[in-house]
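No lab work stands behind these numbers, since they all come straight from the coordinates. Please read these numbers as outputs of a predicted model, since none were measured by experiment. FYI the Cβ positions are ideal-geometry reconstructions off the backbone, even for glycines, and counts take in every protein chain you see.
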Amino acid sequence: MDKIPHSHASLDRPSAWVARFASLVPPGEVLDLACGSGRHARLFASLGHPVLAVDRDADALERAAGPQVTTLQYDLERATDGKAQWPFEASRFSGIVVTNYLYRPLLAHLAAGLAPGGVLIYETFAAGNASFGKPSNPDFLLLPGELLAMARAERAHPLRVIAYEDGYVDLPKTAMVQRICAIRDSGNLRPECLRLS
């Protein structure tokens, strides 16, 4: 099991993983999915992006609201015929960020929601986290390699993986996490999208 450098200095500050790749997101609207109090919505707004911050918790959305941040109260887990309801049009977002949230039926919609050249930044808890506390329910823990497999399986809207990690962190608490940064490959990615340092 590899140790990953810690991803958060504080629960109120953006994840170091998200901050590391935020500059890769091209101009355009960013979706902060299950945004919580909006730490990543504020980050992307500060970088000049209009942001749509989505969560089912109205109190969290009040804290997320701000300049260049539009909020939407929506239950992402509301299902019809066993399928997740994805309320956004295809190719809308230049970036999608998801942290500390997993609802597997939504994974299939993420690449389609990205515009060509758009960036997906995802980080959440992984299998083995039960050893450290909550979440411990397997429904909320990624299986080994699951984000990488999701990116590689995408055929209609191919994703090019820029970075991927699967291991444990010490801060803000000891946890098992998995994280990925991937770009919807349009066949002519800008060279700066692939810069690794």
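If a residue has to be exposed (fewer than 14 other Cβ atoms within 10 Å of the Cβ) and closer than 19 Å to residue 25 by Cβ to count, how many in segment 43-69 make the cut? The total comes to 2. Checking each residue in segment 25-42 for being within 23 Å of residue 91 (Cβ to Cβ) and surrounded by fewer than 22 Cβ atoms within 10 Å (Cβ to Cβ) picks out 26, 27, 28, 29. I'm trying to understand the selection: among the residues of segment 108-134, which are charged (D, E, K, R) and surrounded by fewer than 24 Cβ atoms within 10 Å (Cβ to Cβ)? Selection gives 134 alone. Here residue 138 fulfils each of the conditions (1) on the phi < 0 side of the Ramachandran plot; (2) surrounded by 14 or more Cβ atoms within 10 Å (Cβ to Cβ) apart from (2). Whenever a residue of segment 147-176 is among the basic types (Lys, Arg), its partners that are assigned to a strand (DSSP E or B), lying with C-beta atoms within less than 6 angstrom and at least six residues away or across chains, give the pairs 160/183. Within segment 29-47, residues that are among the hydroxyl-bearing types (Ser, Thr, Tyr) sit with their Cβ atoms under 7 Å from residues that are part of a helix (DSSP H, G or I), at 6+ positions apart or across chains, in these pairs: 37/60; 37/63; 37/64.
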